[in-house]
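Down below is the structure, laid out as structure tokens.
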Amino acid sequence: MSLEVHIGLLWDEPAIRGEFAGEFLVRCRVDCCRFLTLDETAGAFEAFSEPGRRQHDYAIRLCESLSPAHAERTLSEPKELAQKFDVDIVEAGRTWESGGQQFDIRVWWPIVKLDSLSDAEKTLDELRAMPGLDPLGLALVRLDRAVPDLPFEFRFGSFSGRALEIWTTPLSPESFFRLHDVPIGRGFHWQRKESLDYRGSLRLFHPGGAGLSAVNRLELESYLESAVGSEMRSDLPAAFSQAQAIAARSTVLATANRHHFADGFDLCHDDHCQCYQGILREADAVVAPIRESSGIILVSPLSTPLNPPTKWRETGAHSRAALPNDASSFIVHRSSLPRVVDARYAKSCGGVSERYEAAWGGEGPDYFTVRACGEFSVPDLSREDSAREFLKSDSPAWCNPRLHPYPDPWDKDPLFRWTFEYTRKELGDLIAEKTGHDVGRVQELNAIRRGKSGRILILEIVGEAGTQHIYGELNIRRALSKSHLPSSFFVVDERADRIILSGGGWGHGVGLCQLGAAAMARAGWNVESILNHYYPRTELMNL
Ligand SMILES: [Zn+2]
Ligand SMILES: [Zn+2]
């Protein structure tokens, strides 16, 4: 097994600085057909460039579909959609091959094309108002692929000149490269910049937009040792680290070329995809469970993945959507390819997990269910009174720190139950700052739709100066806090001039609950039982 991943480390940067340590082969593409191998093999480098003027190709993605048939259905209903907008279907994700086995993790995006980015807000509003269209999956996406587009200045050793692309190959296992000023935690309150060291290859290019990109290509296992290691800790049982490693390995394979479809890499290095801080600084105790589970992934063999109709295969990613009344477009070919599980996880589920569709709309895999984080039953929490009762009670969940104390330093944050309190003016000001919509002093917050796990999916904000709807758990979390509210699983209380949010969990709540899994591992559960609990109907498989 030798799978490689492409991790985006920097993008839209006016300058990138770093150094090569050990020995590297440094190749420079000067223009479309001239290549140079530079003399130096180690030392400091710098690259800098002006912003480009490339016009990007944007669209509103209606959702992600696991089959082209679902994408077609999404475009055919409501009828008004295809009549009013220029629609299409784009293939994202990719297939992988390992040991003669192919894994199909493609997804299909039903999209509405945009003439320019400035149409996005207006089109989003129109789509949200369209009866019969689920607003939860709507997202702005860029479709044009990032390829080397503009030359940039590159200095390394005795070389100084214009380059269209730089790529490097390490010449010894000890070789690593260092990048300066890598942002960590973009958009979160802990954002900072660090110099970080990485194994594998480095690629530098200017995709023509705001600035330069740096992409790290390395072996999947080497990536996981660092990525899982930097999130995990050596003082937890191996079953937990193994479950985490298997989930992370599966998710990497399942989400490559989806979140960063247009960026020229599979995943980014930040919390957005999976936190990856280069060469591991952790003890061997963290790496050991990852190596023990090397190559093991979760697959969903019981679902039958659907291959695209032949016409899309032939015409490629940007083919036109078939007309809704074209019966042949609904013919699908069953495939025996296993589908790698998109094994999402979040820090704490607050006692109950959520379905994929509730968080991201579209077509969710059947292994994401609304499920108690423990041996108890949970009623339908989409009702306001049930959600309130559940949040104000003390459920016997694995992630409840009163029953299963969190390891340090997680015990510093209230992750299972929390409250946020604002004055009406403070909250109005915050919402104006975060969403750009000034509703004035907040009078009411209403959950228009909750998922069955109680998470708010559509929130209505009633203010003195207007009413605003927020769609999707992540947007709700962003709108109601300086950085991110821990989750959208909360109820609202009012006390005179104050609005109090009482909530549970940290994260989207889909898939594995990290704190719950840690407690299960400490109680002696093995890796398979932990994964079966959070991803029912899936199986382990060796790559
Ligand atoms: Zn990302
Ligand atoms: Zn939990």
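Considering region 249-277, and only residues there that are assigned to a helix (DSSP H, G or I) and out of contact with any Leu (no Cβ under 6 Å at 6 or more places or on another chain), the residue that is nearest to ligand 1 (Cβ to nearest atom) turns out to be 255. Among the residues making up region 523-534, those that are farther than 17 Å from residue 395 by Cβ and either hydrophobic (A, V, I, L, M, F, W, C) or in contact with a helix residue (DSSP H, G or I) (Cβ under 8 Å, 6 or more places away or on another chain) (or both) are 525, 526, 527, 529, 530, 531.
Considering only residues that are among the hydroxyl-bearing types (Ser, Thr, Tyr) and either assigned by TED's automatic domain parsing to the domain that holds residue 125 or buried (at least 18 other Cβ atoms within 10 Å of the Cβ) (or both), which ones fall in region 445-483? Within region 445-483, 453, 471 qualify.
All of 262, 247 fail the test of being touching a residue at least 60 places away in the same chain (Cβ under 8 Å), within 16 Å of ligand 2 (Cβ to nearest atom) and either hydrophobic (A, V, I, L, M, F, W, C) or crowded, with 24+ Cβ neighbours inside 10 Å (or both), apart from 247. Of the residues in region 26-48, at least one is basic (Lys, Arg), in contact with a strand residue (DSSP E or B) (Cβ under 6 Å, 6 or more places away or on another chain), in the same structural domain as residue 195 (by TED's automatic domain parsing) and not in a helix (DSSP H, G or I).
Scanning region 485-495 finds no residues that are part of a helix (DSSP H, G or I), free of Cβ contacts under 8 Å to residues at least 60 places away in the same chain and surrounded by 16 or more Cβ atoms within 10 Å (Cβ to Cβ).
Could you identify the single residue in 389, 384, 354, 375 that is out of contact with any helix residue (DSSP H, G or I) (no Cβ under 9 Å at 6 or more places or on another chain) and within 14 Å of ligand 2 (Cβ to nearest atom)?
Answer to the selection: 375.
Among all residue pairs at least 6 apart or on different chains, which show Cβ distances below 7 Å where the first residue, located in region 45-68, is of a type in the set (Val, Ile, Thr) and the second is surrounded by 15 or more Cβ atoms within 10 Å (Cβ to Cβ)? Filtered contacts from region 45-68: 60/111; 60/112; 60/114; 60/123; 60/124; 60/127; 60/138. Considering each residue of region 520-529 in turn, none proves to be closer than 30 Å to residue 124 by Cα and surrounded by fewer than 24 Cβ atoms within 10 Å (Cβ to Cβ). A single member of 532, 542 is polar (S, T, N, Q) and surrounded by fewer than 16 Cβ atoms within 10 Å (Cβ to Cβ), and it is 542.
Residues in region 12-60 that are of a type in the set (Phe, Trp, Tyr), at pLDDT 95 or above and either within 16 Å of ligand 2 (Cβ to nearest atom) or surrounded by fewer than 21 Cβ atoms within 10 Å (Cβ to Cβ) (or both): 48 alone. Of all the numbered requirements in (1) assigned to a strand (DSSP E or B); (2) without any contact (Cβ under 8 Å) to a residue 60 or more places away in the chain, residue 528 misses one, and that requirement is (1).
The values are calculated or read from the model by the stated rules, or taken from the named source; none is laboratory data. Small disclaimer: the values here were computed from a predicted structure and weren't measured. All Cβ positions, glycine included, derive from the backbone under ideal geometry; neighbour counts span all protein chains shown.
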